[in-house]
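J.: One structure, pasted below without further comment.
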Amino acid sequence: MMKCILTVTALTGQLKNLLEETFDPILVEGEISNLRRPASGHTYFTLKDNQAQIRAVWFKPFPGTQLTPSSRRMACDLEEGMLVVCRGRISVYAPRGEYQIVIDTVEPKGTGALQKAFEQLKARLHAEGLFDERHKKEIPFLPSCIGVITSPTGAVIRDILQITKRRFPSVSLLLAPARVQGPEAAPEIVRAIQDMVAFGRADVLILARGGGSLEDLAPFNDETVARAIHACPVPIISAVGHETDYTIADFTADLRAPTPSAAAELVVPSRDDLAGTLFDLRHRMIRSRAHMAESLNREATLLREKLKSPRWMIDDYRLSLDDYDDRMKARLCQQLAHSAAHLHHLKIRLAQGSPRTGHRRIGFLLESSTGNMIAAMRRRIVDARQTLKRNISLLDSLNPLAVLNRGFSITLRRQTKEIIREAAQVRVGEELMIYLGKGQLTASVKSREEDNARYFFAKPGRMNKRTEERDRFDSEIDLPER
């Protein structure tokens, strides 16, 4: 048998056809590695386990393709090391001769992956503020109608009916049936919440489910359910799983109950407990009223004992009246004395301020000022006289005419008016002018003698004239005697 030689392309094509025809859509479990998200929008990664690996591609959906919320979330939340279950078909990429799985859907595998997806969604919703306390609505104390969203065939609804009937039978329950497990559960829960709001009778909603694995509780970790709870105007109590189970719905709801039975306990008070509380309050009110009445009676008794007799009170008033009378009289006398003293003071001020008194005072001041002025003028005149005498004496001592009056003369050269002090200054025959105490002479030099003889003359007539002028000045100023 002659062997057929194949080309690489032919061999690859045959292998591609063989693989695609042999394997129907398959489920493959593995860990994600070499994750890439290029600009084309496709997702490439390697799916591996401990001993093998296979390339995988998740193509970007065509426009208009309807995707489930979990598929959209998983496309964004895929991370390195995540354990997933991929559904797809086997194919061969001929240019590189590699076989790969073309993925249709991806679901997280195992507790670790679901827990990781749970933590990622929880962190993202918390960052958006869906868990903030300011968004929590108050649970009504005694609702008239309670809306329950759960499976109509489960034990949860029976427990809630039993507990609410036992605690408060008159409360109405309104059931919105919804699946609480499986891929269709989340949309039905969202629709049930919206129906309850549209119906408008429920005062509070209970979103309840029994316990289960993390996969069983996945609908309550769905983002659409969380956003529906957040947008619901009616308060919602989340009662999913057991006490240790926490879901995204628990964080978003207005109140979390550890179990559905606990939610039924929380949503309505016990009528018996309320009746007991009312009985206790009534009993306490009666006892308080009795205690208050007794206290008021004791206080009235004490006041009655402290109340005085009217006669005693009248006597007290009479004593007070006498005391007030005495104090009033003393006060009036004191005021009269004060008014008399004030009147006397005003009379004195009036007398001091009369025109006659003012005239007398001004006359006295004028007389005193006149005397002081005359005395001051007299002192100034005496001082002036003494100063005048001193000045006259000084002038007389310095006046050159006084020398001439004493018999001396002044000789001058007639032409030049030069004073002749020595005989050597003149010539024989020269004409001279001689000034005397009274008058002047024109003389001619007959001869000259150059000796040191000097002559002194005195003219007491002018001194006598000044003495006469001084006496006349004194007589003209006639000062009055003080």
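The values are calculated or read from the model by the stated rules, or taken from the named source; none is laboratory data. All figures in this text were calculated on a predicted structure; none of them were measured in a lab. Virtual Cβ from ideal backbone geometry, glycine too; neighbours counted across all protein chains shown. Note: areas computed on protein heavy atoms with side chains; ligands, DNA, RNA excluded. Shrake-Rupley method; radii C 1.70, N 1.55, O 1.52, S 1.80 Å.
J.: Go through the residues of the range 147-163 one by one and say whether even a single one is hydrophobic (A, V, I, L, M, F, W, C), under 53 Å from the mean Cα position of the chain (by Cα) and either assigned to a helix (DSSP H, G or I) or farther than 14 Å from GLY210 by Cβ (or both).
T.: Looking through the range 147-163, none of the residues is hydrophobic (A, V, I, L, M, F, W, C), under 53 Å from the mean Cα position of the chain (by Cα) and either assigned to a helix (DSSP H, G or I) or farther than 14 Å from GLY210 by Cβ (or both).
J.: I've got another one for you. I'd like the full set of residues that are open to solvent by 90 Å² or more (accessible area, probe 1.4 Å) and among the charged types (D, E, K, R), limited to the range 344-399.
T.: The answer is LYS347, ARG349, ARG356, ARG360, ARG361, GLU367, ARG379, ARG380, LYS389, ARG390.
J.: I'd like to know if the range 258-275 contains one or more residues that are more than 30 Å from GLY211 (Cβ to Cβ), open to solvent by less than 40 Å² (accessible area, probe 1.4 Å), out of contact with any helix residue (DSSP H, G or I) (no Cβ under 9 Å at 6 or more places or on another chain) and assigned to a helix (DSSP H, G or I).
T.: Looking for residues that are more than 30 Å from GLY211 (Cβ to Cβ), open to solvent by less than 40 Å² (accessible area, probe 1.4 Å), out of contact with any helix residue (DSSP H, G or I) (no Cβ under 9 Å at 6 or more places or on another chain) and assigned to a helix (DSSP H, G or I), one finds none in the range 258-275, hence no.
J.: Quick one: in the range 196-247, which of the residues that are open to solvent by 10 Å² or more (accessible area, probe 1.4 Å) and among the β-branched types (Val, Ile, Thr) is modelled with the lowest pLDDT?
T.: THR244
J.: Going by what's in this entry, would ILE146 be described as over 24 Å from LEU35 (Cβ atoms), at pLDDT 85 or above and hydrophobic (A, V, I, L, M, F, W, C)?
T.: For ILE146, the condition - over 24 Å from LEU35 (Cβ atoms), at pLDDT 85 or above and hydrophobic (A, V, I, L, M, F, W, C) - is met.
J.: Just for the range 425-463: of the residues that are part of a helix (DSSP H, G or I) and modelled with pLDDT under 60, which one is least open to solvent (accessible area, probe 1.4 Å)?
T.: Of everything passing the filter in the range 425-463, GLY461 is least open to solvent (accessible area, probe 1.4 Å).
J.: Checking the conditions here, which among VAL225, VAL180, VAL190, VAL234 is assigned to a loop (DSSP other than H, G, I, E, B) and within 53 Å of the chain's Cα centre (by Cα)?
T.: Only one candidate passes the filter, namely VAL234.
J.: Sticking with this structure for a sec: Could you check how many residues of the range 1-36 are within 21 Å of PRO95 (Cα to Cα) and of a type in the set (D, E, K, R)?
T.: Qualifying residue count, the range 1-36: 4.
J.: Can I ask one more? Is it the case that some residue within the range 470-477 is modelled with pLDDT under 60 and over 30 Å from ALA376 (Cβ atoms)?
T.: The answer is no; no qualifying residue exists.
J.: Restricting attention to the range 276-283, does a residue exist that is under 30 Å from ILE229 (Cβ atoms) and either in a helix (DSSP H, G or I) or open to solvent by 80 Å² or more (accessible area, probe 1.4 Å) (or both)?
T.: no
J.: Still on this structure: Kindly indicate which of ALA351, ALA424, ALA341, ALA384 is touching a residue at least 12 places away in the same chain (Cβ under 8 Å) and among the small types (Gly, Ala, Ser).
T.: The unique qualifying residue is ALA424.
J.: Let me ask you something else. Would you mind telling me which numbered condition in (1) hydrophobic (A, V, I, L, M, F, W, C); (2) open to solvent by 20 Å² or more (accessible area, probe 1.4 Å); (3) part of a loop (DSSP other than H, G, I, E, B); (4) at pLDDT 90 or above LEU174 fails?
T.: (3)
J.: Of the numbered conditions (1) within 12 Å of VAL102 (Cα to Cα); (2) in a helix (DSSP H, G or I); (3) open to solvent by 80 Å² or more (accessible area, probe 1.4 Å); (4) not small (Gly, Ala, Ser), LEU27 fails exactly one; give the number of that condition.
T.: (2)
J.: Which numbered condition trips up TRP58, out of (1) surrounded by fewer than 17 Cβ atoms within 10 Å (Cβ to Cβ); (2) modelled with pLDDT under 90; (3) not basic (Lys, Arg)?
T.: Checking TRP58 against (1) surrounded by fewer than 17 Cβ atoms within 10 Å (Cβ to Cβ); (2) modelled with pLDDT under 90; (3) not basic (Lys, Arg), the one that fails is (1).
J.: Also: Looking only at the range 42-63, count how many residues are farther than 21 Å from PRO95 by Cα and of a type outside the set (D, E, K, R).
T.: Counting residues in the range 42-63 that are farther than 21 Å from PRO95 by Cα and of a type outside the set (D, E, K, R) gives 6.
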